1. Output the number of residues of the range 24-37 satisfying the condition of being in a strand (DSSP E or B) and touching a Gly at 6+ places or on another chain (Cβ under 8 Å).
2. Is at least one residue of the range 185-195 hydrophobic (A, V, I, L, M, F, W, C) and more than 30 Å from Gly90 (Cβ to Cβ)?
3. Please find, within the range 38-84, the residue that is nearest to Asn265 (Cα to Cα) out of those that are assigned to a loop (DSSP other than H, G, I, E, B) and among the polar types (S, T, N, Q).
4. What number goes with the only condition from (1) on the phi > 0 side of the Ramachandran plot; (2) surrounded by 15 or more Cβ atoms within 10 Å (Cβ to Cβ); (3) out of contact with any strand residue (DSSP E or B) (no Cβ under 9 Å at 6 or more places or on another chain) that Pro71 does not pass?
5. Please go through (1) within 17 Å of Pro139 (Cβ to Cβ); (2) aliphatic (A, V, I, L, M); (3) modelled with pLDDT of 95 or more for Ile178 and return the number of the only condition it doesn't satisfy.
6. Please find, within the range 230-265, the residue that is surrounded by the most Cβ atoms within 10 Å (Cβ to Cβ) out of those that are small (Gly, Ala, Ser) and under 19 Å from Asp209 (Cβ atoms).
7. Pick out the one residue from Leu223, Leu241, Leu233 that is in a loop (DSSP other than H, G, I, E, B), in contact (Cβ under 8 Å) with a residue 40 or more places away in the chain and within 19 Å of Leu8 (Cβ to Cβ).
8. What number of residues within the range 25-63 are touching a Lys or Arg at 6+ places or on another chain (Cβ under 7 Å) and closer than 18 Å to Tyr240 by Cα?
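The values are calculated or read from the model by the stated rules, or taken from the named source; none is laboratory data. Here the structure is a predicted model, which means the values were calculated and not measured. When we count neighbours, we look across all protein chains shown, and the Cβ atoms used for this are built from the backbone with ideal geometry, even at glycine.
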Amino acid sequence: MQFKGQILKMTSFNDQPIQYYLNLSGDLIHMNELFGKELTIKHAGFQCVNCGLDKTIYRMGFCKSCFFESPYASDTIIRPELSTAHLGIGERDLDVEKEIQLQPHTVYLAYTGDVKVGVTRNTQIPTRWIDQGATFALPIARTENRYEAGMIEVALKEHLPDKTNWRKMLQDDFEDDIDLADFQQKIREYFPEDFQKFYSEGENMWKFDYPFGKPEKVSSFTLDKNPEFTGRLTGIKGQYLGFEGGNFMNVRGHEGYVIELEVKN
């Protein structure tokens, strides 16, 4: 089987185990069915997720000019505390920013090899946690907009990491005694006083089952340094394709790349 197209992040469905689909220019390839098969991935060009041109991807699937111009790559995507749409102030495109920022958000704890704090739109639950490779996730605050969630995150990340260590996430053999509710109780005192009203207690903990086994070693490759890779697919966690020998490819990190994919038995 052969496929060609622009990489977008994998689509996932929370099942037992999670089901993954590689998105190549809108065509969805069910990756769980390819475990044990030899894949050849060849870099064939670029296609910016915003302008669609064959221009080198700079970050997040955007070419350099789009990264610094598109409202979908604005600072508030990375740093929600900078949101100003609730004040009627736009950064790049107020209408787009209102659509993103002026909707309910959740502040959460997730275990990805370490306990971390994060923010997501409610519409991205549980996709956001699956994309991060979280084994467990627990909502700890429910807010009305992105700014409020961002301000809580800023306060809590002085005490907890807010980024996923991908090596720990892939190498982790989680401990059964991880208790996110206990972490929540311990950090409650760090909630900003003006945002205590958003604190949410007694939420259900999410647990995820990935089609993945802990590898003996972990190494990553990119299509920039390795434009043609061949390996046997062994598992998936987060947005990482795992291959025999502990080689991993971050699909999210290759958004906007055009590839040729060949599947052999």
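1. Total satisfying the criteria: 2.
2. Within the range 185-195, one or more residues are hydrophobic (A, V, I, L, M, F, W, C) and more than 30 Å from Gly90 (Cβ to Cβ).
3. Checked the range 38-84; the qualifying residue nearest to Asn265 (Cα to Cα) is Gln47.
4. (1)
5. The single condition Ile178 does not satisfy is (3).
6. Only one residue tops the list, namely Gly238.
7. When all the criteria are applied, what remains is Leu223.
8. Result for the range 25-63: 3.
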